[in-house]
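The values are calculated or read from the model by the stated rules, or taken from the named source; none is laboratory data. Because the structure is a prediction, the values reported are computed rather than measured. Neighbour counts run over all protein chains shown; Cβ positions are idealised from the backbone, glycine included. Accessible surface areas use protein heavy atoms only, side chains included; no ligands, DNA or RNA. Shrake-Rupley method; radii C 1.70, N 1.55, O 1.52, S 1.80 Å.
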Amino acid sequence: MHIETLKVFCDIIESGSVSYAASQNFVTQSAVSQQVRSLEDKYECRLLERARAGVKPTPAGQILYNSSKEIVRRFVELENRLREIGSVIAGSIRVGTVYSVGLHELPPYLSEYLRTFPQVNVHLEYLRSNKIYDDLVEGKIDLGVVAYPAKRSQIVTIAFRHDELVLVVPPEDALAKLNKVGVGQLAGQRFVGYERDIATRKASDRILREYGVKPIYTMEFDNIETIKRSVEAGIGISIVPESTVQQELRTGSLIARPFTKTFWRPVAIIYRKQHQPGLAAQKFIELLLDQKTR
């Protein structure tokens, strides 16, 4: 049995997708299916089964995954270290981030990184913040980029940047006529927001509470794109990082107004304390921090 086959199998379990595992390992879906069949033939049992969200392991498949994931992690780590000896930055890194950061803030950094280090494969995964922390601890990803970083004993946190929080409204809304908005002026307004367990939602709710405003949420979503479309449709107003609405501001589909007091959303790079990032990951961190100072 080849260790690459185990890696493919682990990628399937972690993503719940055969197509994703194929893309991450630069092979076809049929090749992935053949590798899974070879494992099932070897152990004479079924390892995967279909589920609503894709595929999931059978009890036997879960046993194989639990025993294989550390082997695969060490294999990938070994490959990266051997490449580093040759002074060529190569290999692969997995970065977990939230939608609003990954879609609207990381692309220019990623483009520059890939131009500088073309032999590195960067796998960007969009995850909820709590999943990013869990996956770091379990060794499923190398780095995380999160908003409102939480203090955890197993995690190293590096400050990356701060995004200003602004109020976004449809162009025809009365608040769009103001240059700046006082938080107290939002009393009685209908809001569209993130779901309650998302850090940016918790922060905006704290701000509103400090000024005695009890928001009326008409809709709650897990991603910034749906929030913006809902505000455009007039379903409610929202508090979001300014960096996430640049396209809408250019087209005029949304109006953003700063608050009379400035509020910031901190964004940080995180990694596992007991696992020093490999050279490729270190270079990614360095690039992000260099960009921050420009």
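When PRO241, PRO266 are checked against the criterion of being within 18 Å of ALA176 (Cα to Cα) and either touching a residue at least 40 places away in the same chain (Cβ under 8 Å) or among the β-branched types (Val, Ile, Thr) (or both), a single residue qualifies: PRO241. Among the residues of segment 161-220, the ones that are not acidic (Asp, Glu) and not in a loop (DSSP other than H, G, I, E, B) come to 35 in all. Set side by side, the residues SER111, SER100 differ, and just one is assigned to a helix (DSSP H, G or I), free of Cβ contacts under 8 Å to residues at least 12 places away in the same chain and within 18 Å of the chain's Cα centre (by Cα), which is SER111.
Taking LYS273 as the residue in question, decide whether it is more than 16 Å from PRO170 (Cα to Cα), open to solvent by 30 Å² or more (accessible area, probe 1.4 Å) and at pLDDT 95 or above. Considered against the rule, which asks whether it is more than 16 Å from PRO170 (Cα to Cα), open to solvent by 30 Å² or more (accessible area, probe 1.4 Å) and at pLDDT 95 or above, LYS273 comes out as no. Residues in segment 122-162 that are open to solvent by 50 Å² or more (accessible area, probe 1.4 Å) and among the small types (Gly, Ala, Ser): 2 in all.
Quick one: what pairs do we get from segment 244-260, first residue more than 11 Å from PRO171 (Cβ to Cβ) and at pLDDT 95 or above, second in a strand (DSSP E or B) and open to solvent by 40 Å² or more (accessible area, probe 1.4 Å), C-beta under 7 Å, 6+ apart or different chains? Sorted first by the residue in segment 244-260, then by its partner, the pairs are PRO258/GLU164.
For ILE141, which of the numbered conditions (1) at pLDDT 90 or above; (2) in contact with a Phe, Trp or Tyr (Cβ under 6 Å, 6 or more places away or on another chain); (3) not polar (S, T, N, Q) fails to hold? In the conditions (1) at pLDDT 90 or above; (2) in contact with a Phe, Trp or Tyr (Cβ under 6 Å, 6 or more places away or on another chain); (3) not polar (S, T, N, Q), ILE141 misses (2) alone.
Residues in segment 96-121 that are among the charged types (D, E, K, R), out of contact with any helix residue (DSSP H, G or I) (no Cβ under 6 Å at 6 or more places or on another chain) and either at pLDDT 95 or above or open to solvent by less than 60 Å² (accessible area, probe 1.4 Å) (or both): GLU112 alone.
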